[in-house]
Amino acid sequence: NFLEKLTHTKGEWRGKPFLLEPWQKFITCSVFGWVKKTTGHRRFTKARVYVPRKNGKTLFVSGLGVYMLAFDDEPGSEVYAGAGSEKQADEVFKPSRLMCLADSELTEFAGITVNAQSLTMADGSKYERVIGSPGDGASPHFAIIDEFHEHRNSELIDTMETGMGARRQPISFVISTAGSNITGPCRDDWKACERVLEATEGFEDETLFAIIYSTDPGDDWDSLDSLRKANPNWGVSINIEQMEAKLKTARQRANQQSAFRTKHLNEWVAAKEAFFNIVQWQSLARPGIKRE
């Protein structure tokens, strides 16, 4: 109910209500709906949403940041938009700021002061950006880690999560696509999520909510069916004609395939660019030729 009172901040939807799609409702209801009978506090303290680009994940979590700042009944709440660069941190914080600027009733009712680099409240609650390596003094109630695949190490998320010990029901919320660094912290986290989702023995974690939108092993990367499967906002924020054009380009240009597969199919690749088009190369095979 709160999120759908907010408005879009850019593009053709600017100023229109932010209406959640079914997959976004599922995530919201799961993360915020499960509580422990003994305490009434939320079950999940870690959320991992791995989904391709342009599916509306950043605006979604920006709205959650405002809610966790002012409406989660947490005195002195601290919300952080963490990223590896100032530009990436702004991708999350800026929509939150614009949402508040666009709704004077919201800011007046909640007592939110909108500053250039932060959102603050009279009780000490604050919503700020964190860039690169954070300090140890933070006590996050809600930590947003955006585009985790670009992080060189896990220092930011580790510091955020270890600083949550004094909070009743904090959440670290990772939103990211796949990437090319298969030895990085995001890939490790992704694999851990897969083990939990697959109920692998020894990897149980009742505090982790994870959801991954991607292709399955054996799927053809260059098919529209794979694109539909990996993109939950297909036909909504994902423009089908534009995606078909990008797919056509990726089929023809080898140096575009890796980026296409990571950004739009949410697949991990070991290199950012390919030397040649493997699909075209395979199509030239002549089975009748034998090696002597």
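The values are calculated or read from the model by the stated rules, or taken from the named source; none is laboratory data. Just so you know, these numbers come straight off a predicted model, no measurement behind them. Counting neighbours? That spans all protein chains shown, and the Cβs are built from the backbone with ideal geometry, glycine included. Only protein heavy atoms, including side chains, enter the accessible area calculation; ligands, DNA and RNA are left aside. Shrake-Rupley method; radii C 1.70, N 1.55, O 1.52, S 1.80 Å.
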Projecting the Cα atoms of HIS264, SER85, PRO95 onto the charge dipole of the chain, where Lys and Arg contribute +1 and Asp and Glu -1 at Cβ, the residue farthest towards the positive end is HIS264
About its Cα centre, the stretch 213-268 carries a charge dipole, from +1 on Lys and Arg Cβ atoms and -1 on Asp and Glu Cβ atoms, whose size in debye to the nearest 20 is 240
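Give me the accessible area per residue for the stretch 131-224, probe 1.4 Å, as a whole number in Å².
Working: 4460 Å² over 94 residues.
On a per-residue basis, the stretch 131-224 sits at 47 Å².
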Given unit charges at Cβ for Lys, Arg (+) and Asp, Glu (-), the dipole magnitude of the chain about its Cα centre in debye, nearest 20, is 860
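Using a ≥ b ≥ c from the Cα gyration tensor of the stretch 1-153 (square roots of the eigenvalues), is it rounded, prolate or oblate, where a/c under 1.5 gives rounded and otherwise the larger of a/b and b/c decides, a/b for prolate?
Details: a/c = 1.05, a/b = 1.02, b/c = 1.02.
Taking the square roots of the gyration eigenvalues as a ≥ b ≥ c, the stretch 1-153 is rounded.
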Between the residues HIS8, THR45, GLY288, the Cα farthest towards the positive end of the dipole of the chain, that dipole coming from +1 and -1 charges on the beta-carbon of Lys, Arg, Asp and Glu, is from GLY288
Calculated from DSSP helices alone, with each H run of at least 4 adding -39500 (n - 2.57) and the total divided by the residues of the chain, [θ]222 nm to the nearest 500 comes to -11000 deg cm²/dmol
Of the accessible area of the chain, computed with a 1.4 Å probe and all protein chains kept, carbon and sulfur make up a percent value of 49
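Give me the dipole magnitude in Debye, nearest 20, for the stretch 139-235 about the Cα centre, with unit charges on the beta carbon: positive for Lys and Arg, negative for Asp and Glu.
Values: 8 positive and 19 negative charges, 76 e Å.
Computed about the Cα centre, the dipole is about 360 debye.
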Checking the stretch 1-100 for trypsin sites (Lys or Arg not before Pro) in a loop per DSSP with at most 10 other beta-carbon atoms within 10 Å yields LYS37
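First select every other residue whose beta carbon is under 10 angstrom from the beta carbon of TRP34; then total the charges, Lys and Arg +1, Asp and Glu -1.
+2
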Scoring only Lys, Arg, Asp and Glu (+1, +1, -1, -1) among other residues with Cβ under 13 Å from the Cβ of PRO185 yields -3
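Would you mind classifying the stretch 91-170 by shape? Square roots of the alpha carbon gyration tensor eigenvalues, ordered a ≥ b ≥ c; an a/c under 1.5 is rounded, otherwise it is prolate if a/b is larger than b/c and oblate if not. Present the calculation step by step, with values, prior to reporting the outcome.
Working: a/c = 2.57, a/b = 1.55, b/c = 1.65.
In terms of gyration-tensor shape, oblate.
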